[in-house]
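The values are calculated or read from the model by the stated rules, or taken from the named source; none is laboratory data. Note that the structure is predicted; figures quoted are calculated from it, not measured. Every residue, glycine among them, receives a Cβ derived from its backbone with ideal geometry; neighbour counts consider all protein chains shown.
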Amino acid sequence: MDIGRSFTIKASMNEAKFDALEQYRTSALFTDAERAALDYLTEVTKDKKVNPDTFSHMSRH
């Protein structure tokens with residue numbers, strides 16, 4: 001887990017942002033486009049389907 005976390009942080013984001021992933025909807029660290037993408041990914045992985053409104057919001061970015 002720690003080595004994966006380290007590679008992720010080094011490759012794509014800072015540690016604070018990585019640590020705030022669970023609060024992405026309210027954290028100022030994330031842009032609206034990132035929130036839209038994370039909403040989409042959350043629905044796909046948890047529900048195996050995506051609400052049309054979620055997809056529409058994501059597609060605007």
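Worth pointing out:
- Those residues of segment 1-52 which are within 14 Å of the chain's Cα centre (by Cα), loosely packed, with under 12 Cβ neighbours inside 10 Å, of a type in the set (A, V, I, L, M) and modelled with pLDDT under 90, in sequence order: ALA16
- Filter result (part of a helix (DSSP H, G or I), β-branched (Val, Ile, Thr) and farther than 23 Å from SER6 by Cα) within segment 16-44: VAL44
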